[in-house]
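Okay, structure first, notes after.
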């Protein structure tokens, strides 16, 4: 079975620009743009490449090449969500679609069915799909056909916009031979590392790589090297993981006449919420994220995506509808809202859309039941409804050097996004175990050496004296001195030195110490140019 690949170049940039335009940002057509992840260019569009921007460049290098470059944040969920309509359109004309990544999909290439007028069935099928995608606004779509997935993908990248490159049967090795090894970068960091190593070894093209034996590739580069060798020699047998079109899980209810009371809407959607949950249960699924939309005069005037720490029940959905209507509907200047259940505009339709569904077995109750957990969840949800959605927060762990830096608070029920990665090295971070108690306002302290002189840390990270005694002088300046039983450190850091001149800015040079008093209690203390402070305690 031959493989047909559909490639939409620079899709993350296309999706990010569309999202920015929907948010009201002024985006000029044809403006150079790039998607960044960890301050590194992940994808850039054609105008940016014309200015010298390349994938893998750091932010400052990319901006030096193109000062007007529009920088956009990476969001894999956004890219996949925006590519879903493309998958659906292709599935309507050819089943068996296998999504590779946002912007790239594969499907079994049709044979003689589409052939006509001297045009092969594969080229005719690509022309039909191009017409469908262009009609939906996807102007830059390219097609490649070959015996295997890797060759078909490389063929699509040689095609012109809305064009198709067909590699004849058995012609994969000859087609791939002149291509540079840089095409392996699409496999992620592993491919980029291998491509860089091959260049340094004097193997700049895939043809040079194909001349090596399979045993040599396996011995030198392991299983990934063996896979690459099979690809470049046309012997890769990678089956397409064709997806099944998702079932229609959306449920909605229309009100005739429209309802003007939140209580009336809440009562009326109860049956629809039960039908929505039952439809998921029939497929052994549960929803952990649901989008609720309310329509007034044929226009969606209230839309919100709700998350659940476990999974939604019909009662949870009814509660969310009530909260959303009371908090998010527009109010009319002609109507007094004396009644808390009155909403500002008549509601014509309520719609439940599953945003994230998961297997029901992953959320089944334990052997001894989960009644207490469910009571806690509902209790927190009620408190959240009374005091505000952002007022109830839970702590999560993120990367950082100090104890306070590693804490982040997110609204209950929301997923943590935009956190600093934990896997980074974070030079100057204190070793484990982490302190049990972190002070929101660190009390000031004093640390002196044996002669009574204050202990400090030089610019080279050298301690001016051995800590001998310490005391906290924040809330109670009369606290007695505590002899030091043992200490460790310093762990010096110089963070945000360009902001150190700002008043009250906690930046610049500092160093952390772990100090144990003779009473057995351990503390995490921080030295700064302005003095000492007790940052956290070990219990």
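The values are calculated or read from the model by the stated rules, or taken from the named source; none is laboratory data. The model shown is predicted, which means the values in this text are computed figures rather than measured ones. Reconstructed Cβ throughout: ideal geometry from the backbone, glycine too, with neighbour counts over all protein chains shown.
Between residues in the stretch 335-359 that are at pLDDT below 80 and residues that are surrounded by 15 or more Cβ atoms within 10 Å (Cβ to Cβ) and part of a loop (DSSP other than H, G, I, E, B), which pairs lie under 9 Å by C-beta distance while being six or more apart or on different chains?
From residues that are at pLDDT below 80, the pairs are 343/329; 344/329; 345/329.
Each row is one residue, and each column tells you yes or no for (1) out of contact with any strand residue (DSSP E or B) (no Cβ under 6 Å at 6 or more places or on another chain); (2) closer than 18 Å to residue 182 by Cβ; (3) not in a strand (DSSP E or B).
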position: 9; (1), (2), (3): yes, yes, yes
position: 15; (1), (2), (3): yes, no, yes
position: 24; (1), (2), (3): yes, no, yes
position: 28; (1), (2), (3): yes, no, yes
position: 41; (1), (2), (3): no, yes, no
position: 55; (1), (2), (3): no, yes, yes
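Step by step: first the residues of the stretch 455-497, then only those that are at pLDDT below 70 and within 22 Å of residue 425 (Cα to Cα), then the one that is surrounded by the fewest Cβ atoms within 10 Å (Cβ to Cβ). Which residue is that?
Within the stretch 455-497, the match that is surrounded by the fewest Cβ atoms within 10 Å (Cβ to Cβ) is 497.
Could you list, ordered by first residue, the pairs with Cβ atoms under 9 Å in which the first is in the stretch 410-421 and assigned by TED's automatic domain parsing to the domain that holds residue 381 and the second is modelled with pLDDT under 80 and part of a loop (DSSP other than H, G, I, E, B), at least 6 apart or interchain?
Cβ pairs passing all conditions: none.
If you take the residues of the stretch 31-40 that are modelled with pLDDT under 90 and in contact with a helix residue (DSSP H, G or I) (Cβ under 7 Å, 6 or more places away or on another chain), which of them is surrounded by the most Cβ atoms within 10 Å (Cβ to Cβ)?
Among those that are modelled with pLDDT under 90 and in contact with a helix residue (DSSP H, G or I) (Cβ under 7 Å, 6 or more places away or on another chain), it is 31.
Where in the stretch 177-280 are the helices (runs of 4 or more DSSP H), entirely inside, with at least 1 residues that are over 30 Å from residue 38 (Cβ atoms) and in contact (Cβ under 8 Å) with a residue 12 or more places away in the chain?
Working: elements: 189-200, 206-210, 214-232, 262-268.
Hits in the stretch 177-280: 206-210, 214-232, 262-268.
Which of the residues belonging to the stretch 49-64 are touching a residue at least 24 places away in the same chain (Cβ under 8 Å) and on the phi < 0 side of the Ramachandran plot?
Quick first cut of the stretch 49-64, residues touching a residue at least 24 places away in the same chain (Cβ under 8 Å) only: 55-56, 62.
Correct list: 55, 62.
Which condition from (1) closer than 22 Å to residue 20 by Cα; (2) assigned to a loop (DSSP other than H, G, I, E, B) is the one that residue 63 breaks?
For residue 63, the failing item is (2).
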